[in-house]
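Below you'll find the structure, written out as structure tokens, and then a few comments.
Read-outs throughout are calculated quantities, based only on the coordinates presented, and are distinct from any laboratory measurement. Computed from a predicted structure; not experimentally measured. Backbone-built Cβ (ideal geometry, glycine too); neighbour counts: all protein chains shown.
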Amino acid sequence: MTAVAGAEGTGAAHPVTGLDEVVHQRVRLGILTITHEARRVEFGYLRTQLELTAGNLSKHLSVLEEAGLIEVEKGYEGKRGRTWITLTPAGTTALTNEIGRLKQLIARVETSGEAAED
């Protein structure tokens, strides 16, 4: 295994060191992304889109809520109970930071792939 030319001595940590364990988990990243796109999303929609059981989704929502990344609002639509999820400002920041780190990782792979082709 060879080091990437110029990577040593830069003092910058590898982008993977900045990934947030709470955000990076596949389901939670999906929850944050869908919620960001929709601004406010209903529990059932998330469950369907992410192909999860209600219990599994609830556990992931609890982790995100405890981390302050989402707000969970319970209410009624007619006589039916509903749960809506919205991102907090901290959730938006965490998602933006995670996407930025992932872009850095992609750029490193693409750059190293170009060097290997030369």
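Write out the GluC sites (Glu not before Pro) in the stretch 18-52 meeting two conditions: DSSP loop, and at most 12 other Cβ atoms within 10 Å of their Cβ.
Glu51
On a full-extension model of 0.36 nm per residue, what is the gain between Tyr45 and Asp20, subtracting their alpha-carbon distance, rounded to one decimal in nm?
In short, 6.5 nm is gained.
Toward the positive end of the charge dipole of the chain, about the Cα centre and with charges on Cβ (Lys, Arg +1; Asp, Glu -1), which of Pro15, Ile85, Gln104 goes farthest?
Ile85
Arrange the peptides 66-77, 85-96, 25-36 so that the one whose residues have, on average, the most other Cβ atoms within 10 Å appears first.
Answer by packing, highest mean first, reads 25-36, 85-96, 66-77.
What is the percent of Cα-Cα separations in the stretch 18-117 that go past 16 Å?
58 percent
Please give the net charge around Thr35, taking every other residue with its beta carbon less than 11 angstrom from that of Thr35, where Lys and Arg add +1 and Asp and Glu add -1.
Around Thr35, the surrounding residues sum to 0.
Tell me what the chain gives for mean residue ellipticity at 222 nm when only DSSP H runs of n ≥ 4 count, each as -39,500 (n - 2.57), the sum divided by the residue total, rounded to 500 deg cm²/dmol.
-18000 deg cm²/dmol
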